[in-house]
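Down below is the structure, laid out as structure tokens.
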Amino acid sequence: MDFLEQVKWNEDGLVPVITQEAETKQVLTLAWMNREALQLTVETGHAVYWSRSRQQLWHKGEQSGHQQLIQSIRIDCDFDAVLLEVIQKGGIACHTGRHHCFYFRLQDGEWQPVEPVLKNPDEIYS
């Protein structure tokens with residue numbers, strides 16, 4: 001059976017993708033893939049996602065240079081969530097210029113940023 005047929009895509013034809021740094025196991029981001037994005041990720045060895053806001057494929061790092069090189073692709077026991085283990089080029093995974101997207105922590109009932117900006121996003125996306 002084709003591996004794409006085994007994925008339990010949601011009603012929008014998407015599957016959630018957790019992206020983790022292979023060496024450190026740090027969770028970098030949560031994103032989405034459609035069939036084409038997963039197929040391209042497998043074919044190219046680089047992370048390709050589906051941008052829900054732009055309604056288009058998003059080749060991670062195409063503008064910033066912060067590509068994610070695939071080390072392994074896994075799927076959970078229900079076949080409805082994908083895990084990518086990657087090498088994060090440039091050390092920045094988040095569009096805010098941080099190492100990862102989970103930089104807010106709940107402290108005293110408020111979300112507080114607790115990770116530094118490594119590079120100004122205006123410099124990344126100019």
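Tabulated values for the structure
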item: Failed item in (1) in contact (Cβ under 8 Å) with a residue 40 or more places away in the chain; (2) open to solvent by 40 Å² or more (accessible area, probe 1.4 Å); (3) more than 12 Å from the chain's Cα centre (by Cα), with S64 passing the rest; result: (2)
item: Test result for S53, within 14 Å of the chain's Cα centre (by Cα) and polar (S, T, N, Q); result: no
item: Search result, residues across the range 74-116 that are within 23 Å of S51 (Cα to Cα) and open to solvent by 70 Å² or more (accessible area, probe 1.4 Å); result: R74, F79, I87, K89, H95, F102, F104
item: Residue count for the range 22-33, restricted to those that are on the phi < 0 side of the Ramachandran plot, open to solvent by 30 Å² or more (accessible area, probe 1.4 Å) and under 14 Å from the mean Cα position of the chain (by Cα); result: 4
item: Subset of the range 43-61 [more than 23 Å from S126 (Cβ to Cβ), touching a strand residue (DSSP E or B) at 6+ places or on another chain (Cβ under 7 Å) and open to solvent by 40 Å² or more (accessible area, probe 1.4 Å)]; result: W50, R52
item: Residue check for I73: within 13 Å of the chain's Cα centre (by Cα), over 15 Å from V17 (Cα atoms) and of a type in the set (V, I, T); result: no
item: Hits in the range 9-19 (condition: open to solvent by 30 Å² or more (accessible area, probe 1.4 Å) and within 15 Å of I87 (Cα to Cα)); result: I18
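The values are calculated or read from the model by the stated rules, or taken from the named source; none is laboratory data. These numbers were taken from a predicted model, which means no experiment stands behind them. With ideal geometry, Cβ positions are generated from the backbone for all residues, glycine too; neighbour counts draw on all protein chains shown. For the accessible areas, the whole protein counts, side chains as well, though only heavy atoms, and no ligand, DNA or RNA atoms are used. Shrake-Rupley method; radii C 1.70, N 1.55, O 1.52, S 1.80 Å.
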